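Each remark here refers to the structure printed beneath this line.
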Amino acid sequence: MNIFTTTGTMNFMESLRQKYINEKMVVMHSDEHSLLLHETTGPSVFQTPLRYEVIGSISSLEDEGFFAFNHISVSDEGRPIFEHLLRGRIKSIQGEPGFIALRLLRPQTSNTYIVLTQWSDKRFFKFWKESTNYLHLIATHEKGIGLKKSPLMFSSAPYVKTYTTLEDEEEE
């Protein structure tokens, strides 16, 4: 399974989704831009997408909700260890209130992995981010906890980008 993303204006992303109505696509929005996510076993329909291979998955992505993209840059040497650690930890998120889905994404053209989580509401993401499960899954990589044998695993500081669907934005 692959995930492809592209960004642009809300109207253009919506028109692309309508053009490929039979494809699994989700349009989401941030303060900066709109993002169209395409999940498929086939090729991308986008001209210049960011390309990711799905290497871990929980549940199906839904059309509505709050999305958090945890970007984690990993050195070439650190990739096998990082993937092994995260694959073993992603199931810890199951059962969290408001949790909908997760994708662990291996980059095809860069060194930045993404841990994509979907929530029914922004507040559930905030609750999770303050939990021990977040520390177990994400923050250990931000702080290098438990990775003393590989101090050069990360090539830059991690960051989070969040998006919401238009329907969800209107409710806030």
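The values are calculated or read from the model by the stated rules, or taken from the named source; none is laboratory data. Note that the structure is predicted; figures quoted are calculated from it, not measured. With ideal geometry, Cβ positions are generated from the backbone for all residues, glycine too; neighbour counts draw on all protein chains shown.
Quick check on my filter: what residues within the range 86-143 are within 22 Å of Ser75 (Cα to Cα) and hydrophobic (A, V, I, L, M, F, W, C)?
The answer is Leu86, Ile90, Leu104, Leu105, Ile114, Val115, Leu116, Leu135, Leu137, Ile138, Ala139.
How many residues, within the range 82-139, are under 22 Å from Thr164 (Cβ atoms), assigned to a helix (DSSP H, G or I) and of a type in the set (Lys, Arg)?
Adding up the residues that qualify gives 4.
Here is a list: Gly65, Gly56. Which entry is under 17 Å from the mean Cα position of the chain (by Cα), at positive phi and either modelled with pLDDT of 95 or more or of a type outside the set (S, T, N, Q) (or both)? Don't jump to the end; show me each part of the working.
Details: Gly56 fails: at positive phi.
Residue meeting the stated conditions: Gly65.
Of the residues that sit in the range 120-131 and are modelled with pLDDT under 95 and within 19 Å of Leu104 (Cα to Cα), which one is surrounded by the fewest Cβ atoms within 10 Å (Cβ to Cβ)?
Lys129
Please work out which residue is farthest from Leu105 (Cα to Cα), limiting yourself to the range 3-36 and to residues that are of a type in the set (A, V, I, L, M, F, W, C) and touching a residue at least 60 places away in the same chain (Cβ under 8 Å). If you could, list the steps in order and put the result at the bottom.
Step one: list which residues in the range 3-36 are of a type in the set (A, V, I, L, M, F, W, C), which gives 3-4, 10, 12-13, 16, 21, 25-28, 35-36.
Now drop any that are not touching a residue at least 60 places away in the same chain (Cβ under 8 Å), which leaves 3, 10, 26-28, 35.
Values: Ile3: 8, Met10: 24, Val26: 16, Val27: 18, Met28: 18, Leu35: 16 Å.
So, considering only residues that are of a type in the set (A, V, I, L, M, F, W, C) and touching a residue at least 60 places away in the same chain (Cβ under 8 Å), the one farthest from Leu105 (Cα to Cα) is Met10.
Please name all residue pairs, on different chains or six or more residues apart, with Cβ atoms under 7 Å, provided the first residue is in the range 87-99 and is in contact (Cβ under 8 Å) with a residue 24 or more places away in the chain and the second residue is of a type in the set (D, E, K, R).
Pairs that qualify, where the first residue is in contact (Cβ under 8 Å) with a residue 24 or more places away in the chain and the partner is of a type in the set (D, E, K, R), are Gly98/Asp121.
Quickly run through the range 69-81 and pick out the residues that are part of a strand (DSSP E or B) and either of a type in the set (Gly, Ala, Ser) or under 25 Å from Arg123 (Cβ atoms) (or both).
Phe69, Asn70, His71, Ile72, Ser73, listed by residue number.
What is the one condition in (1) within 16 Å of Ala68 (Cβ to Cβ); (2) within 14 Å of the chain's Cα centre (by Cα); (3) at pLDDT 95 or above that Ile93 does not satisfy?
Condition (3) is where Ile93 drops out.
Quick check on this structure: which one of Thr162, Thr117, Thr112 is at pLDDT 95 or above and in contact with a His (Cβ under 6 Å, 6 or more places away or on another chain)?
Details: Thr162 fails: in contact with a His (Cβ under 6 Å, 6 or more places away or on another chain); Thr117 fails: in contact with a His (Cβ under 6 Å, 6 or more places away or on another chain).
Matching residue, one of Thr162, Thr117, Thr112: Thr112.
Residue by residue through the range 40-68, note down the ones that are closer than 16 Å to Thr7 by Cβ, outside any loop (DSSP other than H, G, I, E, B) and of a type outside the set (Phe, Trp, Tyr). Don't jump to the end; show me each part of the working.
Initial filter on the range 40-68 (closer than 16 Å to Thr7 by Cβ): 44-52, 67.
Then keep just the ones that are outside any loop (DSSP other than H, G, I, E, B); that gives 50-52, 67.
Residues satisfying the conditions are Leu50, Arg51.
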